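The values are calculated or read from the model by the stated rules, or taken from the named source; none is laboratory data. Because the structure is a prediction, the values reported are computed rather than measured. For neighbour counting, all protein chains shown are included, and Cβ atoms are generated from backbone atoms with ideal geometry for every residue, glycine included.
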Amino acid sequence: MKINLTIPGTPVPAARPRVTRWGTYTPPKYKAYKDGVSKLFQETIDHVVFEEGLPLKMTLKFYRPIQKTGSKKFKSQKANHELLPTIKPDLDNYIKAILDGLNGLAWHDDNQITTINATKDYDDNPRVEIEIEEIK
């Protein structure tokens, strides 16, 4: 079995919990994104897809928006996928945000994921493309 899901909008990286003298909290922007990923999955798929204990492979493609500033040459290279983003946020933080949003929905626990193939790129249509499949 295989599922595909596209999360529209600019990807948001996982953020570390913030600690204050009044307690610990998750930054609102990250919490809203993670909740949005969960909600979109529930509206699209509506139940846990993969049984507990099944090994899973995940392919993630993160598309960041092309910045408004910069030369026409750089914008063209980014639009043609010739120039890749080597800037922050880190790819692992993007991955963590998706794993957190889908945990308990697409699978029972993210320890089922044994293989991840992830890329980040620029595009005029920012989004995250997700493919999850069972490893036979």
Please count how many residues of segment 61-95 are part of a helix (DSSP H, G or I) and under 21 Å from Thr44 (Cβ atoms). 2
Name, by its number, the condition in (1) surrounded by 18 or more Cβ atoms within 10 Å (Cβ to Cβ); (2) part of a helix (DSSP H, G or I); (3) out of contact with any strand residue (DSSP E or B) (no Cβ under 7 Å at 6 or more places or on another chain) that does not hold for Ala15. (2)
Restricting to segment 43-57, count the residues that are in a loop (DSSP other than H, G, I, E, B) and in contact (Cβ under 8 Å) with a residue 60 or more places away in the chain. 7
With the requirement that a residue be within 9 Å of the chain's Cα centre (by Cα) and of a type in the set (A, V, I, L, M, F, W, C), what does segment 92-114 give you? Ile95, Ala97, Ile98, Leu99
Limited to segment 16-42, what total is found for residues that are free of Cβ contacts under 8 Å to residues at least 24 places away in the same chain and not basic (Lys, Arg)? 11
Any residue in segment 70-92 that's over 26 Å from Thr59 (Cα atoms): show its pairings with residues that are part of a helix (DSSP H, G or I) at Cβ separation under 9 Å, as long as the two are six or more apart or on different chains. Gly70/Lys78
Can you tell me which residue is farthest from Gly104 (Cα to Cα) among those in segment 20-40 that are of a type outside the set (Gly, Ala, Ser) and loosely packed, with under 11 Cβ neighbours inside 10 Å? Arg21
All but one of (1) buried (at least 16 other Cβ atoms within 10 Å of the Cβ); (2) more than 17 Å from Leu99 (Cα to Cα) hold for Ser71; state the number of the condition that does not hold. (1)
Would a scan of segment 102-116 turn up a residue that is assigned to a loop (DSSP other than H, G, I, E, B), out of contact with any strand residue (DSSP E or B) (no Cβ under 9 Å at 6 or more places or on another chain), under 20 Å from Gly9 (Cβ atoms) and not basic (Lys, Arg)? yes
Considering only residues that are modelled with pLDDT of 90 or more, of a type in the set (D, E, K, R) and farther than 18 Å from Tyr94 by Cβ, which ones fall in segment 13-51? Lys39, Glu43
